[in-house]
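Just below is one structure, and these are the notes that go with it.
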Amino acid sequence: MRKVPSLILTTLLLILPLTACNGEKTTNETTTGDNNQSTANSRLETVKQRGTLICGVNGEVPGFSFVDEKGQYSGLDVDVCRAIAAALFGDATKVEYRKLSAQERFSAVQSGEVDVLSRNTTWTLSRDTANGMEFTPTVFYDGQGLMVTKASGVTKLEGLGGKSICVLAGTTTEQNLADQMRKRGVKNYNPVVSDDVDTLYAAYQEGRCEGVTADRSQLVARRSILPKPDDHVILDVVLSKEPLGPAVKNGDSAWFDTVKWVTFALFEAEELGINSQNVDKFETSEDPNVRRFLGLDDKLGEGMGLPNDFAASIIKQVGNYGEIYDRNIGKPLGLERGPNKLWTDGGLLYSPPFR
């Protein structure tokens, strides 16, 4: 009877390695299945089946997202939407724009009203976590500033003590202003809060506040459409860091990857020297990096659920980041790229490898 346990032990030792191997194979197969299921349940598939992208924008900031009297949208943020549509459908026009206020923007993403938010929104810790957002690469590095009338005589932040400052509700600018005023010991200023951008600058124009605060790029953009732009000056002060970029709902890796790599494609194209005017010539390139990027070799797009030439479609129809910047911000607003240059030119824009 004492030999029976030995026999059982020997049998178990022989079986266990086989079980372990079979278990490992089963785990891999399950993981692959979960990934496929995740893609199938992603907003990526929803958008592809719908045939149009629903993009949340501001619509009131020239250079970033602005709608004219004919209902035509333009701007850097708008072009990001168009780039996503070009990647998905091969057609940059398949976008439905939704104008969202600062208060509406996050709930619109969380509820699924919009597929992506491309609305000069600052990436912060709380928005990335508590608000349930997922931020893709930053498309514009900015900082908060202040604009005043030349007639006010104000030349620095401390000069606004005891005065009124127009500020947009539901934005980081409110807290940044309060933080800086407290830090510099400026007391008795009066924040005049507005619910949307147009109302904000209308209040400033009407003299209800001596100064207005917003992202410096926005101040430049809005000053350009004031009746007498030269009567206003943007103070030489930066109150904060404002990394602006697209955002999607948290918990959907397939859709997040799509928006993320479309954004990176804009940077990578510029780094490779590929633009909307010469992209066709690069199709005969022998450079393996170029060939992978344009979908001529490998199947990078297929791995994301996109056409392999998704990057080529983006560049042909929308252009690279440099073209987008020059078209919307550089030429019309006269803003230097500064930190929004490629990393190879001393800026902060950088794409991981397309491989």
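Which of the GluC sites (Glu not before Pro) across region 280-315 are loop residues per DSSP, with 16 or fewer other Cβ within 10 Å?
286
Under the criterion of Cα pairs below 8 Å and six or more residues apart, the relative contact order for the chain equals 21 percent. Rg and Dmax of region 306-353, both derived from C-alpha coordinates alone, stand at 12.7, 36 Å.
Projecting the Cα atoms of 177, 343, 47 onto the charge dipole of the chain (Cβ charges, centred on the Cα centre) puts 177 farthest toward the positive pole.
Among the complete DSSP H segments of the chain, which ones combine at least 18 Å of alpha-carbon extent along their axis with a mean Kyte-Doolittle hydropathy of 0.5 or more? Membrane-span-like by this rule: 76-89. Per residue, the convex hull around the alpha carbon atoms of region 256-355 comes to 98 Å³.
Where the only charges are on Cβ atoms (+1 Lys, Arg; -1 Asp, Glu), what is the dipole of region 135-257 about its Cα centre, to the nearest 20 debye?
520 debye
Since only 188, 274, 246 are under comparison, the one whose Cα sits farthest along the positive direction of the charge dipole of region 159-285, derived from C-beta charges on Lys, Arg, Asp and Glu, is 188. In whole percents, the pair-distance distribution calculated for region 163-321 from its alpha-carbon pairs, binned every 5 Å from zero, is 1, 8, 13, 14, 11, 8, 9, 10, 10, 8, 5, 2, 0, 0.
Cross-link partners for residue 241 among the lysines, with Cα-Cα distance under 28 Å and sequence neighbours closer than 8 places in the same chain left out: 99, 150, 156, 163, 183, 187, 249, 260, 331, 341. Is region 75-192 best put as rounded, prolate or oblate by its Cα gyration tensor, with a ≥ b ≥ c the root eigenvalues, rounded for a/c under 1.5, and otherwise prolate when a/b is larger than b/c, oblate when not? It is prolate, given that a/c is not under 1.5 and a/b is the larger ratio.
In the chain, a dipole from Cβ-located charges (positive for Lys and Arg, negative for Asp and Glu) runs towards its positive end, and of 62, 131, 262 it is 131 whose Cα lies farthest in that direction. Restricted to Cα atoms, region 121-245 shows a radius of gyration and a Dmax of 14.5, 44 angstrom.
Each Lys and Arg contributes +1 and each Asp and Glu -1, all at the Cβ; summed about the Cα centre of the chain, the dipole is approximately 860 debye.
Region 205-229 and region 291-329 have Cα centres separated by 36 Å. Evaluated with a Cβ-only charge set (Lys, Arg +1; Asp, Glu -1), region 54-129 carries a dipole of roughly 60 debye about its Cα centre, given to the nearest 20. Computed from the alpha carbon positions, the gyration tensor of the chain leads to an equivalent ellipsoid with semi-axes of 47, 27, 18 Å, biggest first. Largest to smallest in accessible area, the residues 331, 316 fall in the order 331, 316 (1.4 Å probe, all protein chains included). How would region 69-109 be classified by its alpha-carbon gyration tensor: rounded, prolate or oblate, with rounded meaning a/c under 1.5 and the a/b versus b/c comparison settling the rest? Cα axes put region 69-109 in the oblate bin. Based on DSSP H segments of at least four residues, each scored -39500 (n - 2.57), the chain has a per-residue ellipticity at 222 nm of -12500 deg cm²/dmol. Between residue 287 and residue 202, the distance separating the two model label sites (each 7 Å from Cα on the Cα→Cβ line) works out to 5.0 nm. Divided by 2.2 N^0.38 Å, where N counts the residues, the Cα radius of gyration of region 183-259 comes to 1.48.
The values are calculated or read from the model by the stated rules, or taken from the named source; none is laboratory data. Predicted model only: the values in this text are computed from it and were never measured. Quick reminder, even Gly has a Cβ in these numbers, built from the backbone with ideal geometry, and neighbours come from all protein chains shown. Ligands, DNA and RNA are stripped out before the accessible areas are found, and what is left, the full protein with its side chains, is counted by its heavy atoms. Shrake-Rupley method; radii C 1.70, N 1.55, O 1.52, S 1.80 Å.
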